[in-house]
Amino acid sequence: MLNQHKQDAMHIRLTILLAAVLATGLAVAQDGVPATRTDLIPKDLLRVQKVTAPTTDFSKPEQFENLSAGAGTTRKPVNGNVFSHFQANLSFEQQADFSIGDSLFRKLWVSAPSSTQASDGLGPLFNSRACQSCHIKDGRGHVPGPGEAGESLFLRLSVPPGANDTRESVNGIFADEVGDPTYGGQLQNFAVAGLPGEGRMVIDYTDLPVTLGDGTVVHLRSPHYSVADLGFGPMAPDVMMSPRIAPQMIGLGLVEQIPAEDILANADPKDANGDGISGKPNYTVDPVSHSVMLGRFGWKAGKATVRSQSAGAFAGDIGIATPLVNKPYGDCTPNEAACLALPNGVQERLGVGEAPDPVLDLVTFYSQTVGVPERRNIGDPAVLRGKEAFYTLGCTACHTPKFVTSRKAENPAQKFQLIWPYSDFLLHDMGDGLADYRPEGLADGYEWRTPPLWGTGLTQTVSGKTELLHDGRARDVTEAILWHGGEGQKSRDAFANLPKSARDDLTAFLESL
């Protein structure tokens, strides 16, 4: 963990970088006012502004409120597979591509060399053998229990950049963070035969009782993270560690099609309106265009596209090279010579990397088109009262209920759809309690991207347990709310002072999403 002096220095650096982004006019006008959407004629722009305006009538559901993903909303039985269906409005040909992508998403990779040459290349160091093993049934990952090795909760690693920074950068924005000199960007606890894993994550929980306004005591679990059994020597003394649980897969392609102008319209990095909420965009360098793009994906909005997020996960989580991130040895570093001496799974006759196209294309398409289930119980009186409380407490200042996707979306199934993700996809200071003290792009050690809330009420059904927030520490929505600090402190305190009946109503609303 960095000391306060280093944190202050990093905060100043990140503030300067954000100012540089605004000054260059990247997706923002010089006066800081977001540009108007360019995909709409004036008549349609007025329609969008009207339909996305916050409601003031909580006596009944809004029109189309049950269709979380517009025409692509899935209406399947509510069971453990409810997150694993394709968007309802895909064409027959797209459904076939989805099914192939699904099989690749579930595919178990093996170490090289192997008789199944199209499936080898695992690792040599890795966290999981398949995408589905982290994103369990396309839902959230699990916190490892006592004695279990973490597979869908892992530790991101980085160190402060030095004088000889070789990362790709554009206008002061960098593509990635600087990994630990030995252990790279992620602690990988598994390895192929003959090679030790990098180590294991250790989680120690402390009970943190919180007394609510009516005297109810809620017991939070406050985690402390460390590492043990390091396989390749010590980490750097200034290493920063951040736990990350695998998020759910639903609706990602629709999020990708929210116009940047609409996301930036909610940004207020200097809190000019004085409401205590200062949403800030994160930016990254896109590995395809090598240009600066708005970050949308990941717990700190560090990735701009589903394709780059998928390629990064292939390399970092499984150790599989793709045409976009062509690292046949995954996250192995020069200090892990034994890892680099092992064979890899590159088959030049099959294409670039160990998962050549069309593998990455199909997994990307699958990830873009996993459907969002229909809302439930939207007309229930308790749900409507909870919705009103959600607005009254100020939760919508960060959890923006709805957007309309771009008319220029490449996939016709994702064009001009009214969607209800309940996120602004911006960074917010969440206080000391949730701080990881690890910057990522323009995000400092206190900031996190607002997570979408759609599907929250189905977490238990899909994953078998409810483990919310970036590291799964919260075991229900009440605990998740009580962890809010910083910009969320005011809403958190107001929730804590509600009577039990009103808290139950708010919970009913969140579980209807």
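The values are calculated or read from the model by the stated rules, or taken from the named source; none is laboratory data. What you are looking at is a predicted structure, and each value in this text was computed from that prediction instead of being measured. Cβ coordinates were reconstructed from backbone atoms using ideal geometry, including for glycine residues, and neighbour counts include every protein chain displayed. These accessible areas exclude ligands, DNA and RNA; they are computed on the full protein's heavy atoms, side chains included. Shrake-Rupley method; radii C 1.70, N 1.55, O 1.52, S 1.80 Å.
Within straight-line reach of residue 60, meaning a Cα separation under 19 Å, sit the following aspartates and glutamates at least 8 residues removed in sequence or on another chain: 374, 380, 388, 504, 505, 511. Of the residues 381, 49, 121, the one whose Cα sits farthest toward the positive end of the charge dipole of the chain, with +1 on the Cβ of Lys and Arg and -1 on the Cβ of Asp and Glu, is 381. When the pairs 270/303; 137/303; 50/415; 408/465 are compared against a 27 Å limit on Cα-Cα distance, 408/465 fall above it.
Placing unit charges on the Cβ atoms only, positive for Lys and Arg and negative for Asp and Glu, gives segment 233-354 a dipole magnitude near 160 debye about its Cα centre.
For 37, 221, 156, what's the largest-to-smallest order of accessible area, 1.4 Å probe?
156, 221, 37
For segment 459-512, GluC sites (Glu not before Pro) are listed when DSSP marks them as loop and at most 10 other Cβ atoms sit within 10 Å of their Cβ; the list is empty. On full extension, the segment bounded by residue 290 and residue 377 gains 26.8 nm, given 0.36 nm per residue less the C-alpha separation.
Projecting the Cα positions of 100, 133, 160 onto the charge dipole of the chain (unit charges on Cβ atoms of Lys, Arg, Asp and Glu, taken about the Cα centre) puts 100 furthest along the positive direction.
Looking at segment 395-480, the pairs of alpha carbons with a distance over 16 Å make up 64% of the total. Size descriptor for the chain, Kirkwood hydrodynamic radius: 23.6 Å (Cα pairs only, one decimal). Charging the Cβ of each Asp and Glu at -1 and of each Lys and Arg at +1, and nothing else, the dipole of the chain about its Cα centre rounds to 1000 debye. Estimated at the nearest 10 Å², the accessible area of residue 100 is 80 Å² with a 1.4 Å probe.
Using a 4.7 Å Cβ-Cβ cutoff, the cysteines of the chain lacking any partner cysteine are 131, 134, 395, 398. The value obtained for segment 360-513, namely the Cα convex hull volume divided by the number of residues, is 141 Å³ per residue. With K and R counted +1 and D and E -1, the other residues having a Cβ less than 12 Å from that of residue 304 yield a net charge of +1. For the set 390, 190, solvent exposure ranked by accessible area (probe 1.4 Å, protein chains only) runs largest to smallest as 190, 390. Computed about the Cα centre, the dipole magnitude for segment 380-507 is approximately 520 debye when only Lys and Arg (+1) and Asp and Glu (-1) carry charge, each at its Cβ.
Calculated mean residue ellipticity at 222 nm for the chain: -7000 deg cm²/dmol, from DSSP H runs with n ≥ 4 weighted as -39500 (n - 2.57), summed, divided by the residue count and rounded to 500.
Here residue 500 is the anchor, and the lysines within straight C-alpha reach of less than 21 Å, apart from those fewer than 8 places off in the same chain, are 387, 490.
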